[in-house]
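Some notes on the structure that comes next.
The values are calculated or read from the model by the stated rules, or taken from the named source; none is laboratory data. Just so we're clear, the structure is a prediction, and the values are computed from it rather than from any experiment. Positions of Cβ are backbone-derived with ideal geometry, glycine not excepted, and every protein chain shown enters the neighbour counts. Note: accessible area is taken over every heavy atom of the protein model, side chains too, but ligands, DNA and RNA are not part of it. Shrake-Rupley method; radii C 1.70, N 1.55, O 1.52, S 1.80 Å.
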There are 4 protein chains.
Amino acid sequence: MSDNSVVRLLREFVAEREWSQFHSSSNLAKSISIEAGELLECFQWDEEAEPMRVQSELADVLTYAYLLADRLGLDPDTIVAEKLEETRTKYPVEKARGRSSKYDEL
Amino acid sequence: MSDNSVVRLLREFVAEREWSQFHSSSNLAKSISIEAGELLECFQWDEEAEPMRVQSELADVLTYAYLLADRLGLDPDTIVAEKLEETRTKYPVEKARGRSSKYDEL
Amino acid sequence: MSDNSVVRLLREFVAEREWSQFHSSSNLAKSISIEAGELLECFQWDEEAEPMRVQSELADVLTYAYLLADRLGLDPDTIVAEKLEETRTKYPVEKARGRSSKYDEL
Amino acid sequence: MSDNSVVRLLREFVAEREWSQFHSSSNLAKSISIEAGELLECFQWDEEAEPMRVQSELADVLTYAYLLADRLGLDPDTIVAEKLEETRTKYPVEKARGRSSKYDEL
């Protein structure tokens, strides 16, 4: 998201509707959990799910995650890349290969 | 994310560890919910939260959301932009301005 | 929970620590989501989970659910029984038998 | 829930519909997270929520929590009481009074 074009669209959308008053960090964190629950509902009883429904719910999770990042002055891709560097040291290839254990159990 | 550079980093990270076997869509959807809960925990008793902790948990949510998008062959920014167009028609500016009601209650 | 004995224990525990100031309905709802995420984490990569860990996380979900019910003046068993009557009419045996579909798709 | 009467009602309801095939522990844990998200949605933009809606969503969380407890052969009230004893030692009154900090920060 080098040019932040989607984030700019989201910002305009929110500004036009005067919704930033509702978008405290805490409310956006709640919104992410709520939408994550709706995404999970696609898989409630089945490993397989309707692709269009999953796409729509995943888009909602991402939307609120982008809005929270923007509110905190953070770039989504940058924080993902930074966190990946931390995770890399917790899960060295030779220990973690083919295993789903948590780092403290490797 | 025009060049998908972060997604490429994530793909390599997962491939080196042979973790794609664990990354079914259903497991990634669970992971998003789990990380969304950890993000929400930053705000459990307080509207304010430690910025570094929020950044770290938000990065985890985004990481799994990017992995799920990638698994489904979707670009995160594109699906956010597409969903925004749908939301725009549900929440016309003149009806939604300054209100947090759901579209069916506007 | 005819005699409410566990709820009484929870109330005393909270009162002794002067924690009811933190237990707004909204904070308790967040807490239920957070603990539900920790419960789900037991099953993140596997259908099977450690029984003692599941028990411990399920107890946390129930604890906050009981506290929210108590704050709202509701008895947990009573509201479950009442909701079951509603669900019964949405999912008649002859239509719902052996099917996991939502009521509006039966 | 000394006589388990609600759990008995839930068991009958599930058996009549032949739904226990869907109620793996993992699916019930997902269901608890999904319903916890719907409960949280009552408080998405506001500290206050409609009492009847909260009651209905809380009943759904409790229903799946009771079903998971039952599947694992556990009594809800008993595991809440047992967990409370553990929490008591982590949060001694003199340290925890009036504070919302986690036990490792007290």
**Report entry** Per-residue mean of C-beta atoms belonging to partner chains within 10 Å, peptide C:17-29
**Finding:** 6
Report task. Just add up the charged neighbours of D:Glu47: K/R +1, D/E -1, any other residue whose Cβ is under 12 Å from the Cβ of D:Glu47. Result -> -1
Query raised in the report: Anyone know which of B:Glu12, B:Glu47, B:Glu38 comes out most mobile in the 10 Å Cα GNM of chain B?
Result: B:Glu47
Report summary line: Expected max-MSF residue from C:Thr87, C:Thr63, C:Thr78 in the GNM of chain C (alpha carbon, under 10 Å) is C:Thr87
Query raised in the report: Round to a whole number: what % of the accessible area of the protein assembly as shown belongs to carbon and sulfur, probe 1.4 Å?
Result: 45 percent
Query raised in the report: By the scheme Lys and Arg +1, Asp and Glu -1, what is the net charge of all other residues having a beta-carbon under 13 Å from that of C:Arg11?
Result: -1
Report task. Distance between Cα centroids, the stretch C:10-63 to the stretch A:30-106: provide it in whole Å. Result -> 22 Å
Query - Summed side-chain charge close to B:Thr78 - residues other than B:Thr78 whose Cβ falls under 13 Å, Lys, Arg +1, Asp, Glu -1 - result: -4
Query - Label-point separation, B:Ser24 to C:Gln21 (7 Å along Cα→Cβ), nm - result: 4.8 nm
Query raised in the report: Between chains B and A, what is the buried accessible area in Å², counting both sides, with a 1.4 Å probe and ligands, DNA and RNA left out, to the nearest 100?
Result: 5200 Å²
**Report entry** CD proxy at 222 nm, helix term only [per DSSP H run n ≥ 4: -39500 (n - 2.57); per residue of chain B; nearest 500]
**Finding:** -21000 deg cm²/dmol
Report task. Treating cross-link reach as a plain straight distance, find the lysines whose alpha-carbon is under 29 Å from the alpha-carbon of B:Lys83, omitting any fewer than eight places away in the same chain. Result -> A:Lys30, A:Lys83, B:Lys30, B:Lys95, B:Lys102, C:Lys30, C:Lys102, D:Lys30
Query raised in the report: Among the residues of chain D, which one places its Cβ closest to the rotation axis that maps chain D onto chain B, and what is that distance in whole Å?
Result: D:Ser33, 3
Query raised in the report: Any idea which of C:Gly98, C:Leu58, C:Trp19 is furthest toward the positive side of the dipole for the stretch C:9-106, if Lys and Arg beta-carbons carry +1 and Asp and Glu beta-carbons -1?
Result: C:Gly98
Query - At 7 Å out from Cα toward Cβ: B:Glu12 inter-copy label distances (nm, ascending) - result: 3.5, 6.0, 6.3
Query raised in the report: Gaussian network model of chain D, Cα springs within a sub-10 Å range: biggest mean-square fluctuation belongs to which of D:Leu68, D:Leu40, D:Leu84?
Result: D:Leu84
